[in-house]
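Report on one structure; see the data block that follows.
Nothing in this text is a laboratory measurement; each read-out follows from the coordinates by a stated rule. If you're wondering where the values come from, they're calculated on a predicted model, not measured in any experiment. Glycine also receives a Cβ, built like all others from the backbone with ideal geometry; neighbour counts cover every protein chain displayed.
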Amino acid sequence: MLVDKYRDGLLSHRQRERYRRMSVDLSVSTLADQVAYGAELLQPLWRAAQIAALKANVLHLDGTSLAFFSGEGKDAKRHKKLGALWGFVGDQDVALYLFAPSGHATFADGHTIGPADFLRLRSGYTVADAATVFDQAFAREDIIECGCNMHARRYFVKALDGGEARAAIAIDAYQALYGIEKEARDLEPRERLRLRRERSAPIFNKLLEWVESLKDDEPPSLRFGRALNYFSNQQVPLSQFLTDGRVPIDNGVVERLHVRAALTRKNFLFAGSERGAQSAAIIFSLLGSCALCGIDPVEYLATVMPILARGVIEKDVIDLLPRNLPL
């Protein structure tokens, strides 16, 4: 049921039709109650995922939107709001989603967590795009901002699509950089860094010189100027992958998880309540972790939910995360 809705995007009424074909008559409200119960049961694992993400050497961060209805009872559908679903991926195959009723960086209500609130609890490498919502966190000296070269490349692709042939120079440079990353994928961090310094750094530095030679003459209001300015302004975060072999070249791992969440969200459009949106964050976290570990989510949930229902002491919950459970 949870996998049907939050991985496959199957709406409740379609789930009901499928159960009817199996001679099981479940109302939509019963299905919703079961989803809420499942999310509540999985909460300890979600909290364990938070701890694992905070301990990550490198943390990926990205956000997407999730509409929901605020208010209670019959008036709920009169107050549709746009919330935020913040996705985090640690370096130990742990995915985490946090829901907030707005896209603010921080909250003062004592229970809502924005991206700046979460990052306040950790230090170290954090990979994200250059969204202004992250500025508060990245102003701290103990948070090392790592940029997303996939994001930077995307600006040049848009410029090329808009007719600017010079953008192909940057795209060719990125093709070479990503080719090196493919070679380095299975290397230990120290060897990966050595390879990057020998082969990637000259390409990146040449690209930077080219960008700096052009950016002052290109209007930032146009696509090509926007691409040049983004790369120039973000050159330090974008180059962090050249300083530590553990740092990835981009934020692709969390963006790919967001694609699945976005496809699911497109089908059910919104959460019925703030509580429902919170349930979605919990379930997306566990399903995302299964995807990172290459584990069948149905088998995983069928294994851990009975264990959680019987009761697990807090220190043992982390052993039930997908990365730690042999299936």
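Close amide-amide hydrogen proximity is noted between residue 144 and 124, 125, 126, each under 5 Å apart and 5 or more residues distant or on a separate chain (H modeled in the peptide plane; Pro and chain starts excluded).
Between residue 233 and residue 123, what FRET efficiency follows from the Cβ-Cβ distance if R0 is 22 Å, with the result rounded to 0.05? Let's see the in-between values first.
Numbers: r = 24 Å, r/R0 = 1.08.
Once the sixth-power term is evaluated, E becomes 0.40.
Beta bridges per DSSP, both residues in the chain: antiparallel share near 65 percent.
Going 7 Å from the Cα of residue 303 in the Cα-to-Cβ direction, what parts of region 42-62 have a backbone nitrogen less than 16 Å from that spot? Within reach of a label on residue 303, which here means backbone N under 16 Å from a point 7 Å along Cα→Cβ, region 42-62 contributes 45.
Once you sort the root eigenvalues of the Cα gyration tensor of region 128-271 as a ≥ b ≥ c, which label holds: rounded (a/c under 1.5), prolate (a/b larger than b/c) or oblate (the other case)? Don't skip to the answer; put the middle values down first.
Working: a/c = 1.42, a/b = 1.05, b/c = 1.35.
Rounded, because the longest to shortest axis ratio a/c is under 1.5.
Comparing 60, 111, 79 in a Gaussian network model of the chain, where Cα atoms under 10 Å apart are tied by springs, the biggest mean-square fluctuation is seen for 111.
Straightening the chain between residue 36 and residue 209 buys 56.9 nm, computed as 0.36 nm per residue apart minus the Cα-Cα spacing. Once the Cα-Cα distance is subtracted from the 0.36 nm per residue extended length, the residue 165 to residue 109 segment shows a gain of 15.1 nm.
Structure shown: which of 80/158; 5/80; 55/315; 5/81 lie over 23 Å apart, alpha-carbon to alpha-carbon?
Details: 80/158 33 Å; 5/80 21 Å; 55/315 16 Å; 5/81 21 Å.
Long pairs (Cα-Cα over 23 Å): 80/158.
Simple spin-label estimate for residue 132 and residue 312 gives 4.2 nm between the two label positions (7 Å along the Cα-to-Cβ direction from each Cα). Given the alternatives (1) 39; (2) 34; (3) 26, percent of Cα pairs over 33 Å apart as computed for this entry is given by (2).
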